[in-house]
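The values are calculated or read from the model by the stated rules, or taken from the named source; none is laboratory data. For clarity, every value in this text was computed on a predicted model and none was experimentally measured. Note that we place each Cβ from the backbone using ideal geometry, even for glycine, and neighbour counts take in every protein chain shown. SASA here: full protein model, heavy atoms, side chains in, ligands and nucleic acids out. Shrake-Rupley method; radii C 1.70, N 1.55, O 1.52, S 1.80 Å.
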Amino acid sequence: MANRWKNTLTDRDVTDESAYLNRRQILAGTAAGLGLAGIAATQAHAEDLEATAWEDITSYCNYYEFGTRKDDPSKYAHMLTTKPWTVKIDGLVDNSGDYAFDDIMAKMTVEERIYRFRCVEAWSMVVPWNGFELADLLDLAGVQSEAKYVAFETAYRPDEMPGVRYPVIDWPYVEGLRMDEAMHPLTIMATGIYGKDIPNQNGAPLRLVVPWKYGFKSIKSVVRITLTDKEPPTAWNKANAREYGFYSNVNPTVDHPRWSQASERVLGTGLFARRQDTLMFNGYADEVASLYDGMDLTKFY
Ligand code: MTE
(Lines give C-alpha, C1' and ligand atoms only; values in the text may rest on other atoms or scores of the structure.)
Protein backbone atom coordinates (compact mmCIF):
# COMPACT_ATOMS: atom_id res chain seq x y z
CA MET A 1 0.00 0.00 0.00
CA ALA A 2 1.25 3.47 -0.83
CA ASN A 3 2.51 5.29 2.20
CA ARG A 4 1.91 8.82 1.05
CA TRP A 5 0.55 9.78 4.47
CA LYS A 6 3.63 8.65 6.34
CA ASN A 7 6.44 10.82 7.66
CA THR A 8 5.47 13.80 5.62
CA LEU A 9 7.02 16.88 7.12
CA THR A 10 6.23 20.48 6.43
CA ASP A 11 8.73 23.33 6.30
CA ARG A 12 7.34 24.47 9.61
CA ASP A 13 8.31 21.22 11.34
CA VAL A 14 11.75 21.37 9.88
CA THR A 15 12.32 24.90 11.17
CA ASP A 16 10.93 23.85 14.53
CA GLU A 17 13.53 21.11 14.78
CA SER A 18 14.18 21.34 18.50
CA ALA A 19 10.52 20.78 19.25
CA TYR A 20 10.34 17.96 16.80
CA LEU A 21 13.26 16.01 18.19
CA ASN A 22 11.54 15.10 21.40
CA ARG A 23 12.24 12.05 23.47
CA ARG A 24 9.56 9.93 21.87
CA GLN A 25 10.71 10.49 18.35
CA ILE A 26 14.25 9.59 19.31
CA LEU A 27 13.07 6.46 21.11
CA ALA A 28 10.96 5.55 18.15
CA GLY A 29 14.01 5.84 15.96
CA THR A 30 12.00 6.76 12.90
CA ALA A 31 12.23 10.39 11.88
CA ALA A 32 15.06 11.22 14.23
CA GLY A 33 17.03 8.09 13.47
CA LEU A 34 16.96 8.62 9.75
CA GLY A 35 17.87 12.27 10.02
CA LEU A 36 15.27 14.93 9.81
CA ALA A 37 16.70 16.71 6.78
CA GLY A 38 16.79 13.50 4.76
CA ILE A 39 13.16 12.76 5.31
CA ALA A 40 12.16 16.32 4.71
CA ALA A 41 13.99 16.37 1.41
CA THR A 42 12.49 13.19 0.06
CA GLN A 43 8.99 13.25 1.47
CA ALA A 44 8.01 16.82 2.26
CA HIS A 45 4.70 17.86 0.75
CA ALA A 46 4.06 14.37 -0.56
CA GLU A 47 0.37 15.17 -0.41
CA ASP A 48 0.51 18.96 -0.47
CA LEU A 49 -1.59 19.28 2.64
CA GLU A 50 -1.19 22.57 4.43
CA ALA A 51 -1.13 21.88 8.16
CA THR A 52 -3.42 24.00 10.29
CA ALA A 53 -1.60 26.24 12.79
CA TRP A 54 -0.91 24.84 16.29
CA GLU A 55 -2.89 27.70 17.80
CA ASP A 56 -6.01 26.81 15.82
CA ILE A 57 -5.75 23.05 16.41
CA THR A 58 -5.37 23.56 20.16
CA SER A 59 -7.86 26.35 20.81
CA TYR A 60 -10.91 25.28 18.76
CA CYS A 61 -11.82 21.92 20.25
CA ASN A 62 -14.66 19.55 20.96
CA TYR A 63 -14.16 17.81 24.30
CA TYR A 64 -17.51 18.01 26.05
CA GLU A 65 -16.17 16.63 29.33
CA PHE A 66 -14.74 20.16 29.73
CA GLY A 67 -17.68 22.11 28.34
CA THR A 68 -19.50 22.54 25.07
CA ARG A 69 -17.97 25.82 23.88
CA LYS A 70 -15.09 25.49 21.44
CA ASP A 71 -12.70 27.28 23.82
CA ASP A 72 -13.77 25.42 26.99
CA PRO A 73 -11.34 22.51 26.51
CA SER A 74 -8.33 24.83 26.12
CA LYS A 75 -9.40 26.64 29.31
CA TYR A 76 -10.23 23.66 31.52
CA ALA A 77 -8.57 20.48 30.22
CA HIS A 78 -5.39 21.29 32.16
CA MET A 79 -7.36 19.95 35.15
CA LEU A 80 -7.02 16.41 33.80
CA THR A 81 -4.21 14.38 35.38
CA THR A 82 -2.53 12.49 32.55
CA LYS A 83 0.52 11.13 34.41
CA PRO A 84 0.44 8.31 35.35
CA TRP A 85 -2.03 6.87 32.83
CA THR A 86 -3.11 3.33 32.21
CA VAL A 87 -5.19 1.78 29.46
CA LYS A 88 -7.17 -1.33 30.32
CA ILE A 89 -7.29 -3.74 27.40
CA ASP A 90 -9.80 -6.51 27.93
CA GLY A 91 -12.44 -8.71 26.34
CA LEU A 92 -11.45 -11.11 23.54
CA VAL A 93 -7.66 -10.78 23.90
CA ASP A 94 -4.95 -13.16 25.08
CA ASN A 95 -3.13 -10.59 27.21
CA SER A 96 -5.80 -8.60 28.99
CA GLY A 97 -4.73 -6.20 31.71
CA ASP A 98 -3.78 -2.67 32.63
CA TYR A 99 -1.14 -1.26 30.30
CA ALA A 100 0.89 1.69 31.60
CA PHE A 101 1.13 4.47 29.03
CA ASP A 102 4.93 4.61 29.36
CA ASP A 103 5.21 0.86 28.76
CA ILE A 104 3.05 1.15 25.66
CA MET A 105 5.20 3.99 24.34
CA ALA A 106 8.39 2.01 24.90
CA LYS A 107 7.07 -0.69 22.56
CA MET A 108 5.37 1.37 19.85
CA THR A 109 6.85 3.06 16.79
CA VAL A 110 5.78 6.67 16.71
CA GLU A 111 5.41 8.23 13.28
CA GLU A 112 4.18 11.54 11.98
CA ARG A 113 0.92 11.35 10.04
CA ILE A 114 -0.42 14.49 8.41
CA TYR A 115 -4.15 13.85 8.09
CA ARG A 116 -7.23 15.76 7.10
CA PHE A 117 -9.67 15.96 10.00
CA ARG A 118 -13.35 16.60 9.24
CA CYS A 119 -15.84 17.28 12.02
CA VAL A 120 -19.48 16.31 11.48
CA GLU A 121 -20.25 20.01 12.18
CA ALA A 122 -18.74 20.80 8.74
CA TRP A 123 -15.42 22.33 9.72
CA SER A 124 -12.06 20.83 8.90
CA MET A 125 -8.36 21.12 9.55
CA VAL A 126 -5.11 19.34 8.72
CA VAL A 127 -3.26 17.93 11.71
CA PRO A 128 0.33 16.71 11.84
CA TRP A 129 -0.25 13.96 14.39
CA ASN A 130 2.41 11.85 16.03
CA GLY A 131 1.21 8.42 16.94
CA PHE A 132 1.36 4.69 16.42
CA GLU A 133 -0.88 2.30 14.54
CA LEU A 134 -3.73 0.94 16.64
CA ALA A 135 -3.05 -2.44 14.99
CA ASP A 136 0.34 -2.58 16.73
CA LEU A 137 -1.24 -2.06 20.14
CA LEU A 138 -3.92 -4.66 19.40
CA ASP A 139 -1.21 -7.11 18.31
CA LEU A 140 0.49 -6.58 21.65
CA ALA A 141 -2.75 -7.50 23.40
CA GLY A 142 -3.25 -10.54 21.18
CA VAL A 143 -6.66 -10.27 19.53
CA GLN A 144 -8.65 -13.53 19.56
CA SER A 145 -10.29 -14.75 16.37
CA GLU A 146 -13.87 -14.28 17.67
CA ALA A 147 -13.32 -10.52 18.11
CA LYS A 148 -15.28 -8.50 15.53
CA TYR A 149 -15.31 -5.00 17.05
CA VAL A 150 -13.20 -2.74 19.23
CA ALA A 151 -14.87 -0.59 21.91
CA PHE A 152 -13.17 2.50 23.37
CA GLU A 153 -13.88 4.49 26.52
CA THR A 154 -12.72 7.93 27.67
CA ALA A 155 -11.78 8.70 31.27
CA TYR A 156 -14.69 9.77 33.46
CA ARG A 157 -13.44 11.97 36.31
CA PRO A 158 -16.05 14.33 37.77
CA ASP A 159 -13.39 15.98 39.97
CA GLU A 160 -11.26 16.89 36.96
CA MET A 161 -13.91 17.29 34.25
CA PRO A 162 -16.32 20.16 34.91
CA GLY A 163 -18.44 19.32 31.86
CA VAL A 164 -19.59 15.89 33.05
CA ARG A 165 -21.95 17.61 35.51
CA TYR A 166 -24.18 18.21 32.50
CA PRO A 167 -25.94 15.25 30.88
CA VAL A 168 -24.99 16.28 27.34
CA ILE A 169 -24.26 12.64 26.59
CA ASP A 170 -24.38 9.52 28.71
CA TRP A 171 -20.84 9.63 30.24
CA PRO A 172 -18.31 8.16 29.83
CA TYR A 173 -17.80 8.96 26.14
CA VAL A 174 -17.63 5.67 24.27
CA GLU A 175 -16.82 4.79 20.65
CA GLY A 176 -16.28 1.74 18.50
CA LEU A 177 -14.81 0.41 15.27
CA ARG A 178 -15.23 -2.73 13.27
CA MET A 179 -12.14 -4.97 13.49
CA ASP A 180 -10.98 -4.29 9.91
CA GLU A 181 -11.32 -0.53 10.49
CA ALA A 182 -9.34 -0.80 13.72
CA MET A 183 -6.57 -2.82 12.05
CA HIS A 184 -6.34 -0.49 9.04
CA PRO A 185 -2.90 1.16 8.79
CA LEU A 186 -4.47 4.65 8.60
CA THR A 187 -6.01 4.19 12.06
CA ILE A 188 -3.71 5.54 14.75
CA MET A 189 -3.55 6.32 18.44
CA ALA A 190 -2.23 9.88 18.49
CA THR A 191 0.16 10.93 21.25
CA GLY A 192 1.48 14.17 19.79
CA ILE A 193 0.87 17.09 17.46
CA TYR A 194 3.70 18.95 15.66
CA GLY A 195 6.16 16.70 17.51
CA LYS A 196 5.02 17.89 20.93
CA ASP A 197 3.06 15.84 23.44
CA ILE A 198 -0.62 16.03 22.58
CA PRO A 199 -2.25 18.82 24.63
CA ASN A 200 -4.94 17.81 27.12
CA GLN A 201 -7.64 19.59 25.13
CA ASN A 202 -6.85 17.41 22.11
CA GLY A 203 -7.08 14.16 24.09
CA ALA A 204 -3.90 13.58 26.11
CA PRO A 205 -2.18 11.30 26.62
CA LEU A 206 -3.57 9.19 23.78
CA ARG A 207 -6.61 9.44 21.52
CA LEU A 208 -7.92 7.58 18.54
CA VAL A 209 -7.66 9.14 15.06
CA VAL A 210 -9.63 7.62 12.16
CA PRO A 211 -9.15 10.14 9.35
CA TRP A 212 -11.88 8.91 6.97
CA LYS A 213 -14.62 9.19 9.60
CA TYR A 214 -16.30 12.22 11.15
CA GLY A 215 -14.25 13.58 14.05
CA PHE A 216 -16.53 12.35 16.81
CA LYS A 217 -15.31 8.78 16.14
CA SER A 218 -11.82 9.93 17.19
CA ILE A 219 -12.34 9.44 20.92
CA LYS A 220 -10.04 11.29 23.33
CA SER A 221 -8.09 10.33 26.47
CA VAL A 222 -8.71 6.60 26.13
CA VAL A 223 -8.67 4.52 29.33
CA ARG A 224 -10.19 1.29 28.08
CA ILE A 225 -10.13 -0.77 24.89
CA THR A 226 -12.38 -3.82 24.78
CA LEU A 227 -12.40 -6.45 22.07
CA THR A 228 -15.89 -7.81 21.51
CA ASP A 229 -18.02 -9.84 19.10
CA LYS A 230 -20.93 -7.34 19.18
CA GLU A 231 -21.22 -3.85 17.69
CA PRO A 232 -20.48 -1.61 20.67
CA PRO A 233 -22.68 1.35 21.65
CA THR A 234 -21.29 4.76 20.72
CA ALA A 235 -21.82 8.01 22.61
CA TRP A 236 -23.42 10.12 19.86
CA ASN A 237 -25.52 7.28 18.51
CA LYS A 238 -26.94 6.75 22.01
CA ALA A 239 -27.61 10.49 22.31
CA ASN A 240 -29.27 10.85 18.89
CA ALA A 241 -29.54 7.71 16.76
CA ARG A 242 -31.34 9.59 13.96
CA GLU A 243 -28.38 11.91 13.42
CA TYR A 244 -25.30 9.82 14.26
CA GLY A 245 -24.63 6.29 13.07
CA PHE A 246 -22.03 3.71 14.00
CA TYR A 247 -20.01 4.02 10.80
CA SER A 248 -20.08 7.77 10.28
CA ASN A 249 -17.77 7.74 7.29
CA VAL A 250 -17.25 11.18 5.78
CA ASN A 251 -19.62 11.34 2.82
CA PRO A 252 -20.37 14.62 0.99
CA THR A 253 -23.43 13.07 -0.72
CA VAL A 254 -25.29 12.23 2.48
CA ASP A 255 -26.42 15.30 4.40
CA HIS A 256 -26.77 15.50 8.14
CA PRO A 257 -30.52 15.80 8.90
CA ARG A 258 -29.95 19.47 9.84
CA TRP A 259 -27.21 20.63 7.45
CA SER A 260 -25.33 19.84 4.25
CA GLN A 261 -22.14 17.79 4.34
CA ALA A 262 -21.14 18.75 0.80
CA SER A 263 -18.57 21.33 1.88
CA GLU A 264 -16.58 22.36 4.92
CA ARG A 265 -15.20 25.50 6.57
CA VAL A 266 -11.41 25.37 6.75
CA LEU A 267 -10.17 26.31 10.22
CA GLY A 268 -7.52 28.98 10.49
CA THR A 269 -8.47 30.80 7.28
CA GLY A 270 -9.80 33.93 8.93
CA LEU A 271 -13.12 35.45 9.82
CA PHE A 272 -14.59 34.79 6.38
CA ALA A 273 -13.21 31.29 6.36
CA ARG A 274 -12.45 29.52 3.12
CA ARG A 275 -14.89 26.74 2.23
CA GLN A 276 -13.88 23.69 0.27
CA ASP A 277 -15.68 20.67 -1.10
CA THR A 278 -15.74 17.71 1.24
CA LEU A 279 -14.14 14.59 -0.23
CA MET A 280 -15.58 11.07 -0.13
CA PHE A 281 -14.07 9.24 2.86
CA ASN A 282 -12.41 12.59 3.60
CA GLY A 283 -9.95 12.01 0.75
CA TYR A 284 -8.95 8.48 1.80
CA ALA A 285 -11.25 6.55 -0.58
CA ASP A 286 -8.35 4.81 -2.35
CA GLU A 287 -7.27 3.35 0.97
CA VAL A 288 -10.58 2.52 2.64
CA ALA A 289 -13.49 2.34 0.15
CA SER A 290 -13.01 -1.42 -0.27
CA LEU A 291 -13.79 -1.94 3.43
CA TYR A 292 -17.38 -1.01 2.61
CA ASP A 293 -17.92 -2.97 -0.60
CA GLY A 294 -21.55 -3.99 -0.79
CA MET A 295 -22.77 -1.43 1.74
CA ASP A 296 -25.28 1.19 0.58
CA LEU A 297 -23.35 4.37 1.32
CA THR A 298 -26.29 6.62 0.43
CA LYS A 299 -28.09 5.39 3.52
CA PHE A 300 -27.26 7.17 6.74
CA TYR A 301 -24.76 5.00 8.53
N1 MTE B 1 -13.82 12.54 22.75
C2 MTE B 1 -14.35 12.79 23.95
N3 MTE B 1 -14.01 12.00 24.99
N4 MTE B 1 -15.22 13.80 24.17
C5 MTE B 1 -15.63 14.62 23.14
O6 MTE B 1 -16.45 15.54 23.38
N7 MTE B 1 -15.48 15.13 20.75
C8 MTE B 1 -15.31 14.50 19.42
C9 MTE B 1 -13.94 13.86 19.28
N10 MTE B 1 -13.60 13.09 20.46
C11 MTE B 1 -15.10 14.38 21.84
C12 MTE B 1 -14.16 13.32 21.69
C13 MTE B 1 -15.55 15.44 18.33
S14 MTE B 1 -17.16 15.90 18.04
C15 MTE B 1 -14.54 15.90 17.55
S16 MTE B 1 -14.84 16.82 16.14
C17 MTE B 1 -13.12 15.63 17.90
O18 MTE B 1 -12.98 14.89 19.11
C19 MTE B 1 -12.41 16.96 18.05
O20 MTE B 1 -11.03 16.76 18.21
P21 MTE B 1 -10.11 18.06 18.43
O22 MTE B 1 -10.74 18.89 19.51
O23 MTE B 1 -8.77 17.51 18.80
O24 MTE B 1 -10.11 18.78 17.12
task = Restricting attention to region 45-72, report how many residues are assigned to a loop (DSSP other than H, G, I, E, B), open to solvent by less than 40 Å² (accessible area, probe 1.4 Å) and within 22 Å of residue 120 (Cβ to Cβ).
result = 6
Residues that are under 19 Å from residue 174 (Cβ atoms) and among the polar types (S, T, N, Q), drawn from region 56-107 = 62, 68, 86, 96
task = Out of the residues in region 211-230 that are charged (D, E, K, R) and within 8 Å of the ligand (Cβ to nearest atom), state the one that is least open to solvent (accessible area, probe 1.4 Å).
result = 217
ask   = Is it the case that some residue within region 197-210 is of a type in the set (D, E, K, R), within 25 Å of residue 281 (Cβ to Cβ) and within 12 Å of the ligand (Cβ to nearest atom)?
value = yes
request  = Please give the number of the condition residue 284 fails out of (1) modelled with pLDDT of 95 or more; (2) open to solvent by 20 Å² or more (accessible area, probe 1.4 Å).
outcome  = (2)
query = Which residue, of 298, 278, is of a type in the set (S, T, N, Q), over 15 Å from the mean Cα position of the chain (by Cα), open to solvent by less than 50 Å² (accessible area, probe 1.4 Å) and more than 19 Å from residue 173 (Cβ to Cβ)?
reply = 278
task = Test residue 127 against the criterion of being touching a helix residue (DSSP H, G or I) at 6+ places or on another chain (Cβ under 9 Å), farther than 19 Å from residue 247 by Cα, within 14 Å of the ligand (Cβ to nearest atom) and not small (Gly, Ala, Ser), and give yes or no.
result = yes
request  = Residues that are open to solvent by 30 Å² or more (accessible area, probe 1.4 Å) and without any contact (Cβ under 8 Å) to a residue 40 or more places away in the chain: find the strands (runs of 3 or more DSSP E) completely inside region 73-151 holding 1 or more of those.
outcome  = 97-100
message = Just checking, does region 234-243 include any residue being within 10 Å of the ligand (Cβ to nearest atom), in a strand (DSSP E or B) and surrounded by 20 or more Cβ atoms within 10 Å (Cβ to Cβ)?
response = no
ask   = Can you tell me which residues in region 156-168 are assigned to a loop (DSSP other than H, G, I, E, B) and surrounded by fewer than 20 Cβ atoms within 10 Å (Cβ to Cβ)?
value = 156, 157, 158, 159, 160, 166, 167, 168
Pair list, Cβ under 9 Å, 6 or more apart: region 175-192 residue assigned to a strand (DSSP E or B), other residue modelled with pLDDT under 95 and open to solvent by less than 10 Å² (accessible area, probe 1.4 Å) = 192/25
task = Could you list all residues from region 172-193 that are open to solvent by 10 Å² or more (accessible area, probe 1.4 Å) and either within 13 Å of the ligand (Cβ to nearest atom) or under 11 Å from the mean Cα position of the chain (by Cα) (or both)?
result = 172, 173, 174
key: region 259-299 - residue that is of a type in the set (A, V, I, L, M) and assigned to a loop (DSSP other than H, G, I, E, B) and, of those, nearest to residue 52 (Cα to Cα)   = 267
request  = Assess whether residue 113 counts as being of a type outside the set (Gly, Ala, Ser) and either modelled with pLDDT under 95 or farther than 17 Å from residue 82 by Cβ (or both).
outcome  = yes
